[in-house]
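Before any comments, here is the structure.
The values are calculated or read from the model by the stated rules, or taken from the named source; none is laboratory data. Predicted model only: the values in this text are computed from it and were never measured. FYI the Cβ positions are ideal-geometry reconstructions off the backbone, even for glycines, and counts take in every protein chain you see.
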Amino acid sequence: MITARNPKIKVNTLAHNLGLMKEKAIAIGPYKITESTIRLASSAKDSIEVVFQYMKRIATVSIAFFSLLIGLFATPSSAVVGGADATGSGFVVAIRIDLGENMQTACTGGLWKPKIVITAAHCVVAEGSSTVSDASSVKIYPQGANLTSSGHIATATAIILTSGYSNSSTRYVEANDIAFVVLDKEIGIPLVTRLASESEVAAATASGKKLNFFGYGQTAKESEVSLIPLTLSTTPFQFLGAKTYLYSKTASSSGACFGDSGGPVILQTKTENLLVGPVAGGSGSPCYPEIKTRAVLGLVASNFGALAKSALSTAGYSPEEAFTVSRPKLKKGTFSARTVVKKLGVKTVKSTSVKFVGVKAKPKRACVATSSSVVVRSKGTCTLTFTVKKSGKTARTAKTTFAVG
């Protein structure tokens, strides 16, 4: 049986109402296999326990299950469908969780700090409940490891996620589907400089900048999960702000699959490698051919500041450590949509159309907006949703919050 949570990516922008309709996304769940099968297939000392929420696949004695979870092959194979070999990458780690009765789940994670891995919450919470896995059951493998010759090197000591998070059976990605896993030892030097801020993700979406995601998942709907990590580059077409964002459509026969859940999404700048957050769901062929739109859905880790600081403190790092850039600011006055986008570092030409399609102020009179401009009246915050459309290309939608006044 295969169940999945996939993003249904249809965005309706209403320039006159300044409204943006949210779309649900189907999640990619864990991948289960018998312990004996994993050891036989991978020769690893322990099985990887990485769970990718909603794209779940329940396996027989010879197959692992869980959507977007790491699959195991007798010989190394690609993890992300259509992706490139990422063996040795410092961004990605494999995760496995002992379920008891010789069963485990497989997911992927991103190494943020030497002792902190970020993954999807559905990987470490039992399906249909709020029951969090025992930390000692979560095993972490070396950065970018080939699992045919590598066993786990660390065990979790704490799992930090939103209080009351439920791995529901609705098959849709929850807005708080993220977990910070604290390890019993430092396992390497992360390639990540810091977490990407919401405004940086918005700017990347507006400018059409490609992001890279990594995973140890299946490479086809009927395959097992991979023993090596893969990476795929894609351009986000919509950023919903707050806690979730969506990737653009991926190329034919490519995308996220079971076992890729929790895999890191990386934004590279000229000087830094920024961790956006974990992959939480996906849709489309080849893993979900019944869903026409191919897409990947992830979360923005920096929007979970309280969880991040708790993880830093628990791991013995300074909880006051700056992990994002400061929020962009707008002074009192009137600003065109093009000027606001420029403050995010997005360059546009005259032929590029920039429009506001959503505005929310705190307090209510802090700012007001039309489709072409925003008026800042007092101190507070102004959350703006805008579209950027280059001539002959599909409009991209992004959302971010500014400090105003």
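Quick check on region 248-256. Is at least one of its residues modelled with pLDDT of 85 or more, assigned by TED's automatic domain parsing to the domain that holds residue 96 and either crowded, with 23+ Cβ neighbours inside 10 Å or in contact with a strand residue (DSSP E or B) (Cβ under 8 Å, 6 or more places away or on another chain) (or both)?
No; the residues of region 248-256 include none that is modelled with pLDDT of 85 or more, assigned by TED's automatic domain parsing to the domain that holds residue 96 and either crowded, with 23+ Cβ neighbours inside 10 Å or in contact with a strand residue (DSSP E or B) (Cβ under 8 Å, 6 or more places away or on another chain) (or both).
In region 99-116, the residues that are basic (Lys, Arg) and surrounded by 18 or more Cβ atoms within 10 Å (Cβ to Cβ) reach residues that are assigned to a strand (DSSP E or B) and modelled with pLDDT of 95 or more with C-beta atoms within less than 7 angstrom, at least six apart or across chains, in these pairs: 115/182; 115/183. Scan region 312-331 for residues that are within 21 Å of residue 183 (Cβ to Cβ) and not in a loop (DSSP other than H, G, I, E, B) and the total you get is 4. In this entry, residue 180 passes the filter for residues that are at pLDDT 90 or above and crowded, with 24+ Cβ neighbours inside 10 Å. The set of residues in region 369-389 that are closer than 16 Å to residue 332 by Cβ, assigned to a strand (DSSP E or B) and polar (S, T, N, Q) comprises 373, 381. Of the residues examined, residue 384 is one that is of a type in the set (A, V, I, L, M), closer than 28 Å to residue 265 by Cβ and touching a Cys at 6+ places or on another chain (Cβ under 9 Å).
Among the numbered conditions (1) on the phi > 0 side of the Ramachandran plot; (2) assigned to a strand (DSSP E or B), the only one that residue 392 does not meet is (2).
Of all the residues in region 332-368, those that are of a type in the set (Val, Ile, Thr) and either under 13 Å from residue 382 (Cβ atoms) or not in a loop (DSSP other than H, G, I, E, B) (or both) number 8.
Just for region 199-225: of the residues that are of a type in the set (Asp, Glu) and surrounded by 24 or more Cβ atoms within 10 Å (Cβ to Cβ), which one is modelled with the lowest pLDDT? By that ranking, first place goes to 224.
Could you tell me whether region 310-327 includes any residue that is in contact with a Phe, Trp or Tyr (Cβ under 7 Å, 6 or more places away or on another chain), modelled with pLDDT of 95 or more, in the same structural domain as residue 115 (by TED's automatic domain parsing) and over 16 Å from residue 202 (Cβ atoms)? There is at least one residue in region 310-327 that is in contact with a Phe, Trp or Tyr (Cβ under 7 Å, 6 or more places away or on another chain), modelled with pLDDT of 95 or more, in the same structural domain as residue 115 (by TED's automatic domain parsing) and over 16 Å from residue 202 (Cβ atoms). Given the options 341, 388, 368, name the one that is of a type outside the set (Phe, Trp, Tyr), surrounded by 14 or more Cβ atoms within 10 Å (Cβ to Cβ) and without any contact (Cβ under 8 Å) to a residue 24 or more places away in the chain. One residue alone meets the criteria, 368.
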